[in-house]
Amino acid sequence: MHRFDTVTSLRQHLNSLRSTQKVGLVPTMGALHEGHITLIEKARQENDLVVSSVFVNPVQFNNPDDLARYPRTLEEDSRKLEAAGCDVLFAPSVEEMYPAPPALRLNFGELETVMEGAFRPGHFNGVGIVVAKLFNIVQPDRAYFGQKDLQQVAVIRRLIRDLSFPVELIRCPTVREDDGLAMSSRNRNLTTDERRQATTLFQALTLGRELLAEGYDVAQVKAAMAGFFADKPAFRLEYVEIVNADTLQTASEVLAPGQTAICLAAHLGNVRLIDNLVF
Ligand code: PAF
């Protein structure tokens, strides 16, 4: 595996290969887990060249403590990427990616008025900027993102459409631990006791899906899911939403198969967790 930390050296390497090889990009912020590895493996199957970036993007953090706490494990990540068949690792410094703070502001309209957009102002501006930069630097044919960040997928789909990036977005299923907890780099920051309790998010989502299947209406299901957290003081529930999985707008009833998403976010100790089920 080749490893680059400057834009120029990565571009030089890729320029000679891109004309004959399909390039798959897996953007990450590192602290890699099995979810990331499945993205790499899928990219490996579908492309000639797999490029992954490891960059903790300060512009997408609206909370400085969250940025400071974000796990950074580059050497371990590098070994995992190589073992998974990644060809190129791009691990730039903050100064390399942002020689000056970006003046550009991206606004994703109604996509960012809900859920993560509402609770993390500026987050999707930062995601959009860094993903657009990575698309320009790597010029991939395909880019791979996990469904756990469903709203991010919708935002990037819009970014691709609005800026005419010739990139195919591939949304990959959420990878879960045995007890249902969605894999996330932030899970590393949970204490042992919090980790044991963290499966509550998946249990609440499963409850919501069952109640919708039984015919309860959206308001009743959201109330039942919020109630599920009521006797669990370790959690601070931020939102439960039932939305259209593509537009992220509130759904008033169950939509066509594959279109309804139940999404939630909750704080557990110092860690903010998100998860969703699409069905
Ligand atoms: O999902 C992530 O890890 C990040 O938001 C991404 C897409 C790598 C952009 O920094």
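The values are calculated or read from the model by the stated rules, or taken from the named source; none is laboratory data. All values derive from a computational prediction rather than experimental measurement. Reconstructed Cβ throughout: ideal geometry from the backbone, glycine too, with neighbour counts over all protein chains shown. The protein model used for the area step is the full one, side chains on, heavy atoms only, and it has no ligands, DNA or RNA in it. Shrake-Rupley method; radii C 1.70, N 1.55, O 1.52, S 1.80 Å.
When every residue of segment 212-219 is checked against the conditions, none turns out to be part of a strand (DSSP E or B), open to solvent by 40 Å² or more (accessible area, probe 1.4 Å) and farther than 17 Å from residue 154 by Cβ. Would you check if residue 84 is touching an Asp or Glu at 6+ places or on another chain (Cβ under 8 Å) and away from the ligand (no atom under 15 Å from the Cβ)? Spelling it out, residue 84 is indeed touching an Asp or Glu at 6+ places or on another chain (Cβ under 8 Å) and away from the ligand (no atom under 15 Å from the Cβ).
Remark: pairs (first residue in segment 144-159, at pLDDT below 95; second residue open to solvent by less than 10 Å² (accessible area, probe 1.4 Å); Cβ separation under 9 Å; 6+ apart in sequence or on different chains) are absent.
For every residue, the table says whether it meets (1) closer than 21 Å to residue 189 by Cβ; (2) modelled with pLDDT of 95 or more; (3) in contact with a strand residue (DSSP E or B) (Cβ under 7 Å, 6 or more places away or on another chain).
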residue: 4; (1), (2), (3): no, yes, yes
residue: 18; (1), (2), (3): no, no, no
residue: 24; (1), (2), (3): no, yes, yes
residue: 37; (1), (2), (3): yes, yes, no
residue: 40; (1), (2), (3): no, yes, yes
residue: 58; (1), (2), (3): yes, yes, no
residue: 74; (1), (2), (3): yes, yes, yes
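I'd like to know if segment 123-131 contains one or more residues that are within 21 Å of residue 278 (Cα to Cα) and either aliphatic (A, V, I, L, M) or open to solvent by 20 Å² or more (accessible area, probe 1.4 Å) (or both). Taking every residue of segment 123-131 in turn, none turns out to be within 21 Å of residue 278 (Cα to Cα) and either aliphatic (A, V, I, L, M) or open to solvent by 20 Å² or more (accessible area, probe 1.4 Å) (or both).
Against the test of being touching a residue at least 60 places away in the same chain (Cβ under 8 Å) and either surrounded by fewer than 18 Cβ atoms within 10 Å (Cβ to Cβ) or among the small types (Gly, Ala, Ser) (or both), the options 191, 174 yield a single qualifying residue, 191. Close contacts from segment 49-71, counting a first residue that is more than 24 Å from residue 85 (Cα to Cα) and a second that is among the basic types (Lys, Arg) and open to solvent by 30 Å² or more (accessible area, probe 1.4 Å), with Cβ to Cβ under 9 Å and a gap of 6+ residues or different chains, come to 63/272; 66/186; 66/272; 69/186; 70/186.
Out of all the residues in segment 118-153, which are away from the ligand (no atom under 13 Å from the Cβ), in a helix (DSSP H, G or I) and over 12 Å from residue 25 (Cβ atoms)? Those that are away from the ligand (no atom under 13 Å from the Cβ), in a helix (DSSP H, G or I) and over 12 Å from residue 25 (Cβ atoms): 118, 119. Condition check for residue 113 on (1) crowded, with 16+ Cβ neighbours inside 10 Å; (2) among the β-branched types (Val, Ile, Thr); (3) more than 15 Å from the ligand (Cβ to nearest atom): one failure, at (1). Give the residue that is nearest to residue 173 (Cα to Cα), with candidates limited to residues of segment 141-156 that are open to solvent by less than 20 Å² (accessible area, probe 1.4 Å) and in contact with a helix residue (DSSP H, G or I) (Cβ under 8 Å, 6 or more places away or on another chain). Step by step, filter segment 141-156, then rank; the result is 145.
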